[in-house]
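See below for the structure under consideration.
The values are calculated or read from the model by the stated rules, or taken from the named source; none is laboratory data. Remember, predicted model here, so these are calculated numbers, not experimental data. Cβ placement follows ideal geometry from the backbone for every residue including glycine, while neighbour counts extend to all protein chains displayed.
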Amino acid sequence: MNDLLAYRSVFISDLHLGTRDAQSEHLLEFIRNVECEHLYLVGDIIDGWELRRNWRWSQAQSDVLQKILRKARKGTQVHYIIGNHDEFLRPFLPMVMGDNITISHEKVHYALNGKRYLVVHGDMFDAVTMTKKWVAHLGDRCYLFMLRLNRPINTVRRLFGKYHYWSLSKMAKQSVKQAVSFITDYEEILSSHADDGGYDGVICGHIHHAEIRLINDIEYLNCGDWVESCTAVVEHYDGRFEIYEHHQNS
């Protein structure tokens, strides 16, 4: 990517910095080449769960944070929304760092289209995460195991000329009926909450499934993740929202 991308707002979630599966190089490339007035970090930016189990931090991950801080110094408004993997920050909220960085549980985004969007990670609307944390942690370990398998699988695929990244974990999530049902329930619960709060839409993350759709007249926008799909939600200067997909071959 060499061309500069200019948006009014950029929403990214589930970076999971601190894990070896974080796509830090691709994320750094994206951040270097994007200009925006508002940068929303929609939860699970730093993976405290994994860092407690096994400390792992690369130079690329430090570079990502440094680049975000540099954008804030140059005038970009950075809004950090806390998720479940970076919940270690929650006792200190809300926080203000300098003129352009805020850290909070949620935020309201006033869009160019005249609508109000609730920006929240979404873990508070996941019954498993909130009531059965041991199940959430077990699921997290299974997810990480499948992510590990993605690397050798894609190495073999490249030997046969298949260069497009393929994800076992994503296929499993989309194929298992209960997982699909969970995603649908999650989207509808979040949209209903936004409706009850008088918002026109909700922008979230958490389930690593990028999506923009209308649910009972409420706009539901999910940023996806930067572990597998490398996606973001972007707001154009004409008021349009769309999913940005960073193409990678690794």
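For Glu50, indicate whether it is touching a His at 6+ places or on another chain (Cβ under 9 Å), charged (D, E, K, R) and touching a residue at least 40 places away in the same chain (Cβ under 8 Å). When the stated conditions are applied, Glu50 passes them.
Of everything in the stretch 70-91 that is out of contact with any strand residue (DSSP E or B) (no Cβ under 8 Å at 6 or more places or on another chain) and not in a loop (DSSP other than H, G, I, E, B), the residue that is surrounded by the fewest Cβ atoms within 10 Å (Cβ to Cβ) is Pro91.
Kindly evaluate Ile207 against the criterion of being within 19 Å of Asn84 (Cα to Cα), within 15 Å of the chain's Cα centre (by Cα) and of a type in the set (Val, Ile, Thr). Can you show your working first?
Working: within 19 Å of Asn84 (Cα to Cα): yes; within 15 Å of the chain's Cα centre (by Cα): yes; of a type in the set (Val, Ile, Thr): yes.
Yes.
Restrict the check to the stretch 115-130 and report whether at least one residue is crowded, with 18+ Cβ neighbours inside 10 Å, at pLDDT 90 or above and either in a helix (DSSP H, G or I) or of a type in the set (Val, Ile, Thr) (or both). Yes: one or more hits.
If you take the residues of the stretch 17-38 that are touching a strand residue (DSSP E or B) at 6+ places or on another chain (Cβ under 8 Å) and in a loop (DSSP other than H, G, I, E, B), which of them is farthest from Asn54 (Cα to Cα)? I'd like the intermediate steps shown before the answer.
As a first pass, look at the stretch 17-38 and keep what is touching a strand residue (DSSP E or B) at 6+ places or on another chain (Cβ under 8 Å): 17-18, 24, 27, 30, 33-38.
Going one step further and asking which of them are in a loop (DSSP other than H, G, I, E, B), we end up with 18, 33.
Working: Gly18: 9, Asn33: 31 Å.
Taking the candidates together, the pick is Asn33.
Among residues of the stretch 39-50 being in contact with a helix residue (DSSP H, G or I) (Cβ under 9 Å, 6 or more places away or on another chain) and outside any loop (DSSP other than H, G, I, E, B), the one that is modelled with the lowest pLDDT is Trp49.
With respect to Thr76, determine if the residue is modelled with pLDDT of 95 or more, hydroxyl-bearing (Ser, Thr, Tyr) and touching a Cys at 6+ places or on another chain (Cβ under 9 Å). Before you say what the answer is, go through the steps one by one.
Numbers: modelled with pLDDT of 95 or more: yes; hydroxyl-bearing (Ser, Thr, Tyr): yes; touching a Cys at 6+ places or on another chain (Cβ under 9 Å): yes.
So Thr76 fits the description; yes.
For the stretch 2-18, the count of residues that are within 17 Å of the chain's Cα centre (by Cα), closer than 24 Å to Val120 by Cβ, surrounded by fewer than 23 Cβ atoms within 10 Å (Cβ to Cβ) and of a type in the set (Phe, Trp, Tyr) is zero. Here are the criteria: (1) out of contact with any Asp or Glu (no Cβ under 8 Å at 6 or more places or on another chain); (2) over 23 Å from Leu221 (Cβ atoms). Tell me which single one Gly48 does not satisfy. All conditions are met except number (1). Look through the stretch 208-250, keep the residues that are touching a residue at least 40 places away in the same chain (Cβ under 8 Å) and in contact with a Ser or Thr (Cβ under 6 Å, 6 or more places away or on another chain), and return whichever of them is nearest to Val10 (Cα to Cα). Top of the filtered list is Glu235.
Summed over the stretch 1-16, residues that are outside any loop (DSSP other than H, G, I, E, B), in contact with a His (Cβ under 9 Å, 6 or more places away or on another chain) and within 21 Å of Glu106 (Cβ to Cβ) total 4.
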